[in-house]
1. Binning every alpha carbon pair distance of the range 143-226 at 5 Å from zero, what are the percents per bin?
2. Once all Cα-Cα distances of the chain are split into 10 Å bins that start at 0, what whole-number percent is in each one?
3. Carbon-plus-sulfur fraction of the accessible area of the chain, 1.4 Å probe, in percent?
4. Can you order the peptides 138-145, 48-55 by their average number of other Cβ atoms within 10 Å per residue, highest first?
5. Extension gain ARG196-ARG82, at 0.36 nm per residue separation less the Cα-Cα distance, in nm?
6. Count the lysine pairs in the chain whose Cα atoms lie under 27 Å apart, taking only pairs 8 or more positions apart in sequence or on different chains.
7. By the gyration tensor of its Cα atoms, with a ≥ b ≥ c the square roots of the eigenvalues, what is the shape of the range 1-152: rounded for a/c under 1.5, prolate for a/b over b/c, or oblate?
8. Express in nm, to one decimal, how much length is gained between ALA235 and GLU74 on full extension, taking 0.36 nm for each residue of separation and deducting their alpha carbon distance.
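The values are calculated or read from the model by the stated rules, or taken from the named source; none is laboratory data. None of the values given here were measured: they were computed from a predicted structure. When we count neighbours, we look across all protein chains shown, and the Cβ atoms used for this are built from the backbone with ideal geometry, even at glycine. Just the protein is used for accessible areas: all its heavy atoms, side chains included, with ligands, DNA and RNA removed. Shrake-Rupley method; radii C 1.70, N 1.55, O 1.52, S 1.80 Å.
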Amino acid sequence: MSSPDFRIMGVLNVTPDSFSDGGRYLAAEVAIAHGLALEADGAAILDVGGESTRPGAAPVPEAEELRRVIPVIEGLLERGARAQISIDTSKAPVAARALEAGASFVNDVTALRGDPDMAGVVAAAGADCCLMHMLGDPRTMQDDPRYDDVVNDIKAFLEERMAFALATGIAVDRILLDPGIGFGKTVAHNLELLRRLGEFRDMGRPVVIGTSRKTFLGRLTGRESTDDRLAATIATNVLAYERGARVFRVHDVAPVRDALTVTAATVRPPWTNQTSTTK
Ligand code: HH2
């Protein structure tokens, strides 16, 4: 197998109310074991989050968020996790503690707007940083979202956020960009973003995509349960790879990894078989 040109970011939610897996990994021990399993399945990044961002989610106090995520990061590293640890937070003190504990990636769904100290924390640590688009905030974002042109509007937002990040001392090669599927978007907006995802590749930074189990997939397929949205999740990730995304934030790492491995081998010529002659 040739080395992949994509990375899978496994979702490790340590929250009682995440939209698809809330509560399952609340106990640190269980979360650590799940993180190690995601790594064994092929996650190159583990995205540890202690505050749900689902539509209508209630904010979590800093002390509670720290209590949820720090033992999980420490435990993962104590058990020898080699995946890059990402902290999914919009609070600078939570990011700072997580980076001290061994995380090296900050996934801030507010794109450095939620906490005035966040950019400085990321810059000082030299951490990777995903800038994601969201319209409004999680409590209001699905109330009638509107755009002039969803792709151009989001590209302009990400350009502005990238300029801000650079101005505060974050190195350009630490920045990743994410159009924020489901964050203030209708089904039609999400589909247009996926269809035109190649336009984000032109911005010159790796594109992150997070469609995993999301509501628009349930709306399209009629699958009410988030557990039944794997096929739809795979379809969108394969498509996103083909259109240039290179980091895939998913709950179901193993099947998405297989799908992307085959997609990458097909799209990236030439594939040479170093190990066997099977069909
Ligand atoms: N989606 C969610 C959370 N964080 N980060 C990035 N960069 N991109 C995304 O699309 C994204 C994200 C929402 O999914 P989930 O973590 O499963 O749910 P919750 O926010 O309820 O914990």
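1. Pair shares across the bins are 3, 13, 23, 21, 17, 11, 7, 3, 1, 0.
2. Values per bin, smallest distances first: 7, 30, 39, 21, 4, 0.
3. Summing carbon and sulfur atoms, their accessible area is 53 percent of the total for the chain.
4. Descending mean neighbour count gives 48-55, 138-145.
5. Gain on extension, ARG196 to ARG82, equals 37.7 nm.
6. Value for the chain: 6.
7. It is rounded, given that a/c, with a ≥ b ≥ c, falls under 1.5.
8. Here the segment from ALA235 to GLU74 would lengthen by 54.5 nm.
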